[in-house]
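The values are calculated or read from the model by the stated rules, or taken from the named source; none is laboratory data. Treat the numbers as computed from the prediction; the structure is a model and nothing was measured. A quick note on method: Cβ atoms are made from the backbone with ideal geometry, for glycine too, and the neighbour counts reach across all protein chains shown. With ligands, DNA and RNA removed, areas are computed over all heavy atoms of the protein, side chains included. Shrake-Rupley method; radii C 1.70, N 1.55, O 1.52, S 1.80 Å.
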Amino acid sequence: MKMLNDKVAVVTGAGSGIGRSIAIDYAQQGAKIVVSDINEQGGMDTVNHIVAFGGTACFQYANVASLEDNLALVERAVAEYGHLDIACNNAGVSHELHQTGDISVESWKFVMDVNLTGVFYGMKAQIEQMRKSGGGSIVNIGSVLSQRGFQGAGAYVATKHAVVGLTKNAALDHAAEGIRVNCVGPAYVNTPLVTAALNEQQVEGLKALHAMGRLGEEQEIADLVTFVSSDKASFITGEYYAADGGYLIR
């Protein structure tokens, strides 16, 4: 039996990269998916991919930095499929590398609004709905930098550390309501965004940061997220799972 049969899930930032892989894997495991992104074409491409193999999905535009958009995303899930069982808060942004004292206020606010406040808004909307149906599973996507610093990435690192704290506290607050909240932290993953932005030497440098000597693959992250989202992880909440190829043990 598929792990997510008859489940309904929303995935933010699902128009490309890891988010797209998570949405597709959820669908392959039997869930009905509301694909969300600010990139409508990317989101529709994910929906079309899911539908092409017989899955069920629809697209809903959402800027996660807007509470109203997060509420509308959950409302769409209920309107289309009747309830909400799973949410993956994946949408995130980075910023140009600057020493902490040189990060602009505008850049700081933008990264905070998306990476941290966006996760809070997402959970606020999702938990409200999950309470009505007696529970659910939320997976927030952190980063290997939820546990480490990275020179020049102060705003990003701050948000990803904070997502772990928010995850743990939400799990504690809502465990008695049957709502599980966990965090998955990928290291560097072989996505189009990474490979397009870096030259071959830079990619090799990133690989060397991982004990396994390679980048992760999107599917490897999606496999973990799907497991943590599923009833197979029914006794797991408030945890941070690194999918990092040994980055954190070096």
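So His161 fits all but one of (1) more than 22 Å from Val189 (Cα to Cα); (2) modelled with pLDDT of 95 or more; (3) open to solvent by 30 Å² or more (accessible area, probe 1.4 Å); what number is the exception?
His161 satisfies every listed condition except (1).
Somewhere in the range 185-202, is a residue charged (D, E, K, R) and closer than 22 Å to Gly19 by Cα? Let's see the steps before the verdict.
Of the range 185-202, the ones charged (D, E, K, R) are 200.
Retained after the next criterion (residues that are closer than 22 Å to Gly19 by Cα): none.
No: the range 185-202 contains no residue that is charged (D, E, K, R) and closer than 22 Å to Gly19 by Cα.
Only one residue in Ala91, Ala79 is open to solvent by 30 Å² or more (accessible area, probe 1.4 Å) and of a type in the set (A, V, I, L, M). Which one?
On the way: Ala91 fails: open to solvent by 30 Å² or more (accessible area, probe 1.4 Å).
Step by step, each of Ala91, Ala79 is checked, and only Ala79 is open to solvent by 30 Å² or more (accessible area, probe 1.4 Å) and of a type in the set (A, V, I, L, M).
Please indicate, with yes or no, whether at least one residue in the range 54-63 is part of a helix (DSSP H, G or I) and either buried (at least 24 other Cβ atoms within 10 Å of the Cβ) or not acidic (Asp, Glu) (or both). Full working, then the answer.
Taking the range 54-63 first, the residues part of a helix (DSSP H, G or I) are none.
The answer is no; no qualifying residue exists.
Can you find a residue that is within 29 Å of Gly30 (Cβ to Cβ), open to solvent by 10 Å² or more (accessible area, probe 1.4 Å), in contact (Cβ under 8 Å) with a residue 60 or more places away in the chain and not basic (Lys, Arg) anywhere in the range 210-218?
Yes; the residues of the range 210-218 include at least one that is within 29 Å of Gly30 (Cβ to Cβ), open to solvent by 10 Å² or more (accessible area, probe 1.4 Å), in contact (Cβ under 8 Å) with a residue 60 or more places away in the chain and not basic (Lys, Arg).
Name the pairs: first residue in the range 190-203 and under 22 Å from Ala222 (Cα atoms) and without any contact (Cβ under 8 Å) to a residue 60 or more places away in the chain, second residue in a helix (DSSP H, G or I) and open to solvent by less than 60 Å² (accessible area, probe 1.4 Å), Cβ to Cβ under 7 Å, at least 6 apart or on different chains?
Thr195/Val203
Could you tell me which residue of the range 219-250 is farthest from Ala208 (Cα to Cα), considering only residues that are in a strand (DSSP E or B) and in contact with a Leu (Cβ under 8 Å, 6 or more places away or on another chain)? Break it down into steps so the answer makes sense when it comes.
Pass one, the range 219-250, residues in a strand (DSSP E or B): 240-243.
Retained after the next criterion (residues that are in contact with a Leu (Cβ under 8 Å, 6 or more places away or on another chain)): 241-243.
Values: Tyr241: 21, Ala242: 17, Ala243: 16 Å.
Step by step, filter the range 219-250, then rank; the result is Tyr241.
Within the set of pairs 6+ apart or on separate chains, which have a first residue in the range 119-136 that is open to solvent by less than 100 Å² (accessible area, probe 1.4 Å), a second that is among the acidic types (Asp, Glu), and C-beta atoms under 6 Å apart?
Within 6 Å, the pairs are Gly136/Asp85.
When you scan the range 218-250, how many residues do you find that are under 15 Å from the mean Cα position of the chain (by Cα) and more than 21 Å from Thr167 (Cβ to Cβ)?
Residues flagged as under 15 Å from the mean Cα position of the chain (by Cα) and more than 21 Å from Thr167 (Cβ to Cβ) within the range 218-250 amount to 2.
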